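Colleague: Structure below; questions to follow.
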Amino acid sequence: MKKIVNIVAIFLVLFLSIFTTEIYAAPISSIDVTTDKETVHPGETITLNVKFGEELGAYTVDVAYDNKILEYVSAEGGTANDNGTRVRVYFFDDTGGSNPRNTMSVTFRAKADLTTSNPTDLSVTAEGLANPDASVSYDDITVPIDKSIIAEPVYVDYSIALSYTGDIIANEEKDMKLTISSTMGKNYEHTRIIGEATTPSGATAKLLAIDNQSLEHDIIQSGWGDASGDPIGGKDVVKELAVRGLFSEAGDYSITLKLIDRDNSDAEIASKTFQISVKEKATVTPPEENPSEENQTGNETTENNNGQNNNTNMNETQTKEEPETLPQTGNTIYLSVIGIISILIASYIILRKKD
């Protein structure tokens, strides 16, 4: 009896050894993970494809994702379950091997509120891999297979504007405004503004600005911004800088302003050239004398004076004529008064004599 038990045990060990060897001895030949695009924009979908190197009758595949950037849409190739950060796709061929699969996919959508570039990974692991008749199981894929993608908005190129009002006069500072803007600007960590000038022969051009330390910089000579660069980017980004233009001579100038990326060997991000016309300072000169006008004025004055003199002469004549009559009236009155007084005196003397 003991001998029979030993023989059964030996056969059982051999059977288990053979079965174990058939089930677990084979790693899967290959697994290829791809996406239909490398960059996805807000609201767009991106599909992760998994291609197995074998026909499989069973598998469980997990795809991990960043739910701050992506949201799950759908899966193909099995029953899917999404827990918010991981999509699990389970497949089992219940026909006994007549409907195996060697591919599966998961589709995600980039979130609509993205305003910056977001590099992220889709990480794939798998277990329960078996051939169509389940006679062979393949090794689990425990080390994640990462597929890198970028989720970012549709960027709008930066625009550069140099604005001012009125004329620009030689050797007079002109207030200007330099503006760099974009409705959706790509993010750069270290940027600077530089300038170039083409001037009339012998002339100079300056674009002066004062920094937070009250230091003045000429953008054309030394550029603007920290030596290592300043950040820019985002939705409706606007960067304004008050500058003063100074041009030594009248004439036509060409000013080119550039936004450069310090992290990429000063690569040009945006550029704009401005044509500027500088005028001479206007000189104020007294009006020239016009002899003919003076003569006309003199004649008019003479005529007026003559007119006035005529009026004056007429008044004087009238005045002279009036005294010729007035003395007669006045003398008559005086004579009458004297006559009356004389009569009175004579009467008084006669009366005194009678007394």
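Colleague: Relative contact order of the stretch 29-88: what whole-number percent is it, with Cα pairs under 8 angstrom and at least 6 residues apart?
Modeller: Relative contact order for the stretch 29-88 comes out at 28 percent.
Colleague: Which of the pairs 37/186; 111/272; 51/235; 174/258; 68/235 have their Cα atoms more than 29 Å apart in this structure?
Modeller: Pairs exceeding the cut-off: 111/272; 51/235.
Colleague: For the peptides 35-47, 186-198, what is the packing order when you average, over each peptide's residues, the other Cβ atoms within 10 Å and list the highest mean first?
Modeller: 186-198, 35-47
Just so you know, all these numbers are worked out from the coordinates, no wet-lab data involved. Since we're looking at a predicted model, the values are computed, not measured. Ideal geometry is used to build each Cβ from the backbone, glycine not excepted, and the neighbour counts take in all protein chains shown.
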